[in-house]
Amino acid sequence: MQPNFAFADVSLPVPLDRSFTYRLPETLRHRVQPGCRLLVPFGTRKMAGVVLRVHNDPPPVEAREALRLLDPEPAFDNDLLELGRWVAHYYCAPLGEVLRAMAPISAEVRHARIWALTARGVDVTRQLGLDGAETDPATEILRALEARPLAEATLERKVPGAKKLLASLEKKGLVESEHSAGVRDPLRAPAARLLAEFLARPAEGTRLPRAERELLAYLELHPGPHRLSDLEQAVKGASQAGRALARKHFIRLRYDLAAGDASWARPRHTLTAPQQQAFDSIRTALAEGRYQAFLLHGVTGSGKTEVYLNAIEAALELGRGALLLVPEIALTPAVAGQFHARFGDQVSILHSAFNDAERAEQWRRLRSGAARVGVGTRSAVFAPVQNLGLVIVDEEHDHSYKQEETPRYNGRDVAVLRAQRAGAVAVLGSATPSLESRYNAERGKYSLLELPARIADRPLPSVEIIDMREEFLETRQSALFSRRLLESIAAKLEAGEQTILLMNRRGFSSSVSCRSCGERLQCVHCAIGLTFHRRDNRLLCHYCSYAQRVPKVCPQCGSEYLYFLGSGSEKVEDELRRHFPEARIARLDRDTAAGKNQYERILGGFREGVFDILVGTQMIAKGHDIPNVTLVGVINADIGLALPDFRAAERTFQLLTQVAGRAGRHHLPGLVIIQTNSPDHYAIRCAAAQDYAKFYEKELEFRRLMRYPPFCAMANVLVRAATQEAAMRLSAEAAQQLGPGGDGIKILGPAEAPVPRLKSEYRYQILIKALSRPRLNEMLHALRRYAAQQKWPATALVVDVDPVTLL
């Protein structure tokens, strides 16, 4: 029997750097351990927290009693708790908020019904209540769900009487709940999304209908999971029979998280000589059971994924678990399909597109050892993979690995640290490694592995740079497409080949202004211009999602002469349809891929040849291997180059190189056309030449001269307040507390942030560069203690360690 402890120190997801002591009821005193989750009272609320320590030391004030234990066994082992403490200290974040980010805590606290808009609901909502005027309760519900899916209880708080209205909206096909969509209940899910597996024979004398008998016999003779829809070929009526057998507990039906992804699976390939060399290095480190970090630098199409698959196979053979991180949810289906094909039920998928119940189930499979390979996005770095031996970070340069809310951790860096603590091998893969990772390889911190050529020695695509300034002088037209690009698209359509067009900006026009007074229409909550979305006839803020109808006259001077400036992916699609009315065109951006399965539907259709041309933002630039794509066009390569951010050139180079790599990946040669007004910029020139080494050398020299990472440690301190005066005052206090700098510390600011007002808060920032990381960390923690002592509002101070953007 475990010791009898009367008290537990609990870390709660609140912005406070402390734990809270609770008294344990008699029924829990033998059961609660560090790492367990407890439901406890906190003020007037009930919150789920993580137990850090159990003890018998009475607190100085009377402790409140814990309510109930949420886990039969600890959710976090000692290693994960220690990792959480490191993240909290390094990134200057409250431990409770770190632990909340590490696990799907809410899933087992309550099973709330989550509501979301259907595709029809999205269309209807975009036409309703855009001007913020008084609306009816049903419209308020739709507008609330436009931002994100919400629990029924949350909607009831926002709109009293929501529960009754939701039923009506559901009948009209405007909203759906996760349960009604068939996500939580396997017996109601489509057959194509279910796996069936034999469990037990019926008792002697039990009579079953013919279809059930035949299906049960087939599953017993063919052990393992089978997709229910595929079983129709062997047994007529298998779908209905399978559900009946599952209710009687003779077979098991479970939701297949990789369903529909069979098209992504690829046959096993013989490794090329560079692939084999890279794999041998990783396998040797795995066999030695020691920590080692590798940077796998391979050009686009060089077969990095096949190296990952072989490395994971080697780890499993040694009895070790593996973890693979991908930068975006969008890439997870592609990767998951390949991994399920190779490793079957040993794979667990973790990402935020799943509901709480699904994530909790995947978490439990990894924690129990039923699954040994975790695949997911940024937060999957905390997955409880047992006996971890291999951690892979695909597209390691991608900024999606950096969390934008507290805790502001970088999944790539946490992955390397986790591998180091577990004595595991870390592999960071990219065609365009971040400067920090490449510099670490130069210094010997990482071992460099290179894949310099594409599979089967296929050539890289040929790249042409079109100077749009010359195009204007020759045509006297400010056109969206150059003549060369239009000719190339026409030729590819004639040949039955496919085209990808990148325009890394959403919407139809990027701003709306008045010709008479020059007034630019801005968001009421942010100091940012509104973007025109023509399909919905509305102006939208891409930061806070504020929307309004397009005014008929200028709100400043009353002039009727409003004009629309700039272009976005929606305008590209519109212009394409005008030039190529017979072409089948699809668009992939946050507007068209708002639903849970929209991304896979659009990209899957393009892969299968349903569409000839795919227009999109950076979502289409990475990770996709589509054989028939032979042309890639970049509409405006200058977007992002002029941003006030020291990583602007690096981002541009990476994006252009990655999207260029989508062309000519199989037997057909590829062509890339880059349209730009800055044809001589080194980022564009190096991307066109696919010359990473030259770009790295030039960019590194700039970083060295200006003392930016990797030549210093850096933090961005952001101060926010409801009024500009308060923001200025608090930022001045913060600067005074930080001091003048010196001794390897350089402090810039306070100054207005590049976006000075966001979501109705004024923002000032202070940039700190330090040669000593421990000294930087010490300064930041001292500043946070000062803010707490002075009782600053909880959201006033934001500390971003190792920022990837300064906007």
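Among the conditions (1) modelled with pLDDT of 90 or more; (2) in a loop (DSSP other than H, G, I, E, B); (3) crowded, with 19+ Cβ neighbours inside 10 Å, Phe354 misses just one, which is (1).
In the set (1) polar (S, T, N, Q); (2) surrounded by 24 or more Cβ atoms within 10 Å (Cβ to Cβ); (3) modelled with pLDDT under 85, the condition left unmet by Gln338 is number (2). Could you tell me whether Ile673 is in contact (Cβ under 8 Å) with a residue 60 or more places away in the chain, aliphatic (A, V, I, L, M), surrounded by 14 or more Cβ atoms within 10 Å (Cβ to Cβ) and touching a helix residue (DSSP H, G or I) at 6+ places or on another chain (Cβ under 8 Å)? In short, yes. Of Ser19, Ser11, all but one fail to be under 22 Å from His781 (Cβ atoms), of a type in the set (Gly, Ala, Ser) and open to solvent by less than 10 Å² (accessible area, probe 1.4 Å); the exception is Ser11. Filtered by the rule that a residue be under 19 Å from the mean Cα position of the chain (by Cα) and closer than 24 Å to Ala287 by Cα, segment 431-447 gives no residues. Within segment 525-536, does at least one residue satisfy the condition of being at pLDDT 90 or above, under 21 Å from Leu807 (Cβ atoms) and open to solvent by 60 Å² or more (accessible area, probe 1.4 Å)? Yes - at least one qualifying residue is present in segment 525-536.
Just to be sure before I move on: is Ala727 of a type in the set (A, V, I, L, M), surrounded by 14 or more Cβ atoms within 10 Å (Cβ to Cβ) and more than 30 Å from Lys791 (Cα to Cα) in the structure I sent? Considered against the rule, which asks whether it is of a type in the set (A, V, I, L, M), surrounded by 14 or more Cβ atoms within 10 Å (Cβ to Cβ) and more than 30 Å from Lys791 (Cα to Cα), Ala727 comes out as no. Of all residues in segment 757-778, those satisfying the criterion of being touching a residue at least 60 places away in the same chain (Cβ under 8 Å), in contact with a strand residue (DSSP E or B) (Cβ under 7 Å, 6 or more places away or on another chain) and in a helix (DSSP H, G or I) are Arg773, Leu776. Of the residues screened, Ala415 is not one that is over 30 Å from the mean Cα position of the chain (by Cα) and small (Gly, Ala, Ser). Within the bounds of segment 619-633, is there any residue that is at pLDDT 85 or above and charged (D, E, K, R)? Within segment 619-633, not a single residue is at pLDDT 85 or above and charged (D, E, K, R). Inspection of segment 371-389 identifies at least one residue that is among the small types (Gly, Ala, Ser) and free of Cβ contacts under 8 Å to residues at least 40 places away in the same chain. Please enumerate the residues belonging to segment 556-603 that are farther than 29 Å from Val524 by Cα, touching a Gly at 6+ places or on another chain (Cβ under 7 Å) and assigned to a helix (DSSP H, G or I). Matches in segment 556-603: Glu600 only. When His399 is tested against (1) closer than 18 Å to Ala101 by Cβ; (2) touching a Leu at 6+ places or on another chain (Cβ under 8 Å); (3) surrounded by fewer than 24 Cβ atoms within 10 Å (Cβ to Cβ), just one condition goes unmet, and that condition is (2). Evaluated against (1) over 26 Å from Val414 (Cα atoms); (2) within 25 Å of the chain's Cα centre (by Cα), Val799 falls short on exactly one condition, (1).
Pairs are defined by a Cβ separation below 9 Å, a sequence spacing of at least 6 or placement on different chains, a first member in segment 36-60 that is touching a residue at least 60 places away in the same chain (Cβ under 8 Å) and closer than 17 Å to Gly96 by Cβ, and a second member that is of a type in the set (D, E, K, R) and open to solvent by less than 10 Å² (accessible area, probe 1.4 Å); the pairs so defined are Arg37/Asp71; Ala48/Arg37.
Just one residue in the set Asp413, Asp394 is open to solvent by 10 Å² or more (accessible area, probe 1.4 Å), acidic (Asp, Glu) and either under 20 Å from Ala693 (Cα atoms) or in contact with a Leu (Cβ under 7 Å, 6 or more places away or on another chain) (or both); that residue is Asp394. Selection over segment 405-452 of residues that are in a helix (DSSP H, G or I), farther than 19 Å from Leu390 by Cα and not charged (D, E, K, R) gives a count of 3. Restricting segment 564-608 to residues that are of a type in the set (Gly, Ala, Ser) and more than 27 Å from the chain's Cα centre (by Cα), the residue that is farthest from Thr531 (Cα to Cα) is Ala583.
For Glu471, the conditions (1) among the charged types (D, E, K, R); (2) crowded, with 18+ Cβ neighbours inside 10 Å; (3) within 25 Å of the chain's Cα centre (by Cα) all hold with the exception of (3). Between Phe695, Phe711, Phe702, the distinction of being outside any helix (DSSP H, G or I), more than 16 Å from Ala621 (Cβ to Cβ) and of a type in the set (A, V, I, L, M, F, W, C) belongs to Phe711 only. Just one of the listed residues (Pro679, Pro754) is in a loop (DSSP other than H, G, I, E, B) and not basic (Lys, Arg), namely Pro679. Restrict the check to segment 498-521 and report whether at least one residue is over 19 Å from Asp574 (Cα atoms), in a strand (DSSP E or B) and open to solvent by 30 Å² or more (accessible area, probe 1.4 Å). Scanning segment 498-521, I find at least one residue that is over 19 Å from Asp574 (Cα atoms), in a strand (DSSP E or B) and open to solvent by 30 Å² or more (accessible area, probe 1.4 Å), so the answer is yes. Counting only residues that are open to solvent by 60 Å² or more (accessible area, probe 1.4 Å) and more than 15 Å from Arg252 (Cβ to Cβ), segment 219-236 holds 5 of them.
Residues that are part of a loop (DSSP other than H, G, I, E, B), touching an Asp or Glu at 6+ places or on another chain (Cβ under 8 Å) and surrounded by 14 or more Cβ atoms within 10 Å (Cβ to Cβ) within segment 538-555 comprise Ser545, Cys554, listed in sequence order.
If only residues of segment 197-216 that are assigned to a helix (DSSP H, G or I) and either over 11 Å from Phe250 (Cα atoms) or at pLDDT below 85 (or both) are counted, the one that is most open to solvent (accessible area, probe 1.4 Å) is Arg210.
Inside segment 104-157, can you point out the residues that are at pLDDT 65 or above, open to solvent by 20 Å² or more (accessible area, probe 1.4 Å), hydroxyl-bearing (Ser, Thr, Tyr) and within 27 Å of the chain's Cα centre (by Cα)? Matches in segment 104-157: Thr118, Thr154. Taking each residue of segment 498-510 that is on the phi > 0 side of the Ramachandran plot and looking for partners that are open to solvent by less than 30 Å² (accessible area, probe 1.4 Å) and assigned to a loop (DSSP other than H, G, I, E, B) with beta-carbon atoms closer than 7 Å, six or more apart or interchain, yields Gly507/Gly568.
The values are calculated or read from the model by the stated rules, or taken from the named source; none is laboratory data. In this text, all values refer to a predicted model and were calculated from it rather than measured experimentally. Every residue, glycine as well, gets a Cβ built from its backbone with ideal geometry; the counts of neighbours run over all protein chains shown. Protein only, heavy atoms only, side chains kept; ligands, DNA and RNA dropped before computing areas. Shrake-Rupley method; radii C 1.70, N 1.55, O 1.52, S 1.80 Å.
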